[in-house]
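Single-structure report; data block below.
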Amino acid sequence: MRLKGKIAIVTGGAGGIGQAVSELFAQEGATVVIIDLLPIGKEVADKINDTGGKAVYHSLSVTDKSAVEELFNEVAESYGRIDILINNAGITRDRTLEKMSEEEWNAVVEVNLKGVFLCTQAAVPYMKAQKYGRIVSAASNVGLRGNFGQTNYAATKAGVIAMAKTWTVELGKHGITANAIAPGFTMTDMVKKIPEEHFDAIKASIPLRTVAEPIDIAYGYLYLASDEARFVSGICLTIDGGTSR
Ligand SMILES: NC(=O)c1ccc[n+]([C@@H]2O[C@H](COP(=O)([O-])OP(=O)(O)OC[C@H]3O[C@@H](n4cnc5c(N)ncnc54)[C@H](O)[C@@H]3O)[C@@H](O)[C@H]2O)c1
């Protein structure tokens, strides 16, 4: 087991990539704290517990500073530590630059950037005290390449990569690593919004000619969250079938 005894917080862990991460981490021996807005997070945690793993679900927005601080404090008090933070929660509000509203810009920045900032800020004091921490945040290959209709989303995902590099410099001396993962198209609710007829063109643009399943991305999170990656910090691991190169 690669995460035996570790305490891991997974934001947005109720669905898509976050659910795959929660299930995989539990299989690898971590106790998983799932944070999400969707009540189905409880079913995800129940299923993990029913199959021999350990998980708990908390209904919370990553954008709520005091609620985040309260929960992280509760986790640290209950389990004695916070080893791993997976900043996975993210949203899209796609629109071309000229049509994008201020609300659409703010909504995406609020979750994808501020949420990552708040959760990391809440976790770091515990990680520093224990001289150990693994922070892995959800970027996107859109943060490296840009994408039509995603001014807000692309900016936040580039920001996530920059935050991981900054935290590497600030926190490395405390035994904390900070990395990002940049998935390409992955079959989750987020991309199921894309009209079916666009999918053939998307697949044709990917060298491996297929889109990812959530577990393909979860294996990247597992590596960066594990002790095997103890000397890896400040990177953005791209998992996109060869699209970004
Ligand atoms: N699916 C893709 O193709 C893809 C590609 C690149 C990057 N990503 C990134 O990976 C991450 C996961 O994506 P996904 O496709 O699994 O998305 P998803 O929409 O399937 O899941 C995201 C989860 O985050 C939760 N969430 C949203 N806002 C929240 C908030 N304020 N507080 C707590 N939870 C919140 C949602 O309820 C949902 O369960 C996102 O950050 C996304 O930007 C996804």
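Just so you know, all these numbers are worked out from the coordinates, no wet-lab data involved. Note that this is a predicted model, so its numbers are computed, not measured. Using ideal geometry, Cβ is built from the backbone for each residue, glycine included, and neighbour counts are taken over all protein chains shown.
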Self-check item: 15 Å Cα-Cα reach of Lys65 towards aspartates and glutamates, excluding residues that sit fewer than 8 places from it in its own chain
Solution: Asp36, Glu74, Glu110
Quiz item: Dipole of the chain, Cα-centred, from +1 at each Lys and Arg C-beta and -1 at each Asp and Glu C-beta, to the nearest 20 debye?
Solution: 820 debye
Practice problem: Could you tally up the Lys pairs in region 143-245 with alpha carbons closer than 18 Å? Skip any pair fewer than 8 positions apart unless they're on separate chains. | Solution: 4
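Using a ≥ b ≥ c from the Cα gyration tensor of region 193-237 (square roots of the eigenvalues), is it rounded, prolate or oblate, where a/c under 1.5 gives rounded and otherwise the larger of a/b and b/c decides, a/b for prolate?
Details: a/c = 3.47, a/b = 2.80, b/c = 1.24.
Prolate.
Rounded to the nearest 500, what is the 222 nm mean residue ellipticity of the chain from helices alone, with -39500 (n - 2.57) per DSSP H run of 4+ residues and division by all residues? Working shown, then result.
Working: 10 runs with 110 residues, N = 245.
Roughly -13500 deg cm²/dmol at 222 nm, from the helical runs in the chain.
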Exercise. With all distinct Cα pairs included, what does the Kirkwood hydrodynamic radius of the chain come out to in Å, to one decimal, could you say?
Key: 17.9 Å
Quiz item: In percent, how large is the relative contact order of the chain, given Cα pairs closer than 8 Å and 6 or more residues apart?
Solution: 19 percent
Quiz item: Relative contact order for region 8-77 using alpha-carbon pairs under 8 Å, separation at least 6, rounded to a whole percent?
Solution: 28 percent
Quiz item: Along its principal axes, what span do the Cα atoms of region 102-165 show, with the longest given first and each in whole Å?
Solution: 43, 24, 12
Quiz item: Relative contact order of region 1-139: what whole-number percent is it, with Cα pairs under 8 angstrom and at least 6 residues apart?
Solution: 24 percent
Self-check item: Loop-located chymotrypsin sites (Phe, Trp or Tyr not before Pro) in region 161-245 whose Cβ has at most 10 other Cβ within 10 Å (DSSP)
Solution: Phe231
Quiz item: About its Cα centre, what dipole magnitude does region 1-133 give when the only charges are +1 on Lys and Arg Cβ and -1 on Asp and Glu Cβ, stated in debye to the nearest 20?
Solution: 580 debye
Exercise. Please determine, in degrees from 0 to 90 and to the nearest 10, the orientation of helix 65-79 with respect to the longest principal axis defined by the Cα atoms of the chain, where the helix direction is its Cα long axis.
Key: 40 degrees
Quiz prompt | Equivalent ellipsoid, region 1-73 (semi-axes from 5 times Cα gyration tensor eigenvalues, Å) | solution = 20, 13, 10
Self-check item: Whole-Å distance, taken between Cα centres, linking region 31-65 and region 73-116
Solution: 16 Å
Quiz item: Helix 16-27: angle to the longest alpha-carbon principal axis of the chain, degrees 0 to 90, nearest 10?
Solution: 30 degrees
Practice problem: Would you please name the chymotrypsin sites (Phe, Trp or Tyr not before Pro) within region 65-160 that are DSSP coil residues with at most 16 other C-beta atoms within 10 Å of their C-beta? | Solution: Phe148
Quiz item: What is the extension gain from Tyr219 to Glu103, computed as 0.36 nm multiplied by their sequence separation minus the C-alpha to C-alpha distance, in nm to one decimal?
Solution: 38.3 nm
Quiz item: Taking only Cα atoms, what is the 0 to 90° angle, nearest 10, from helix 115-130's long axis to the longest principal axis of the chain?
Solution: 30 degrees
Self-check item: Inverse of mean 1/r across different Cα pairs in region 38-80, Kirkwood, Å
Solution: 11.4 Å
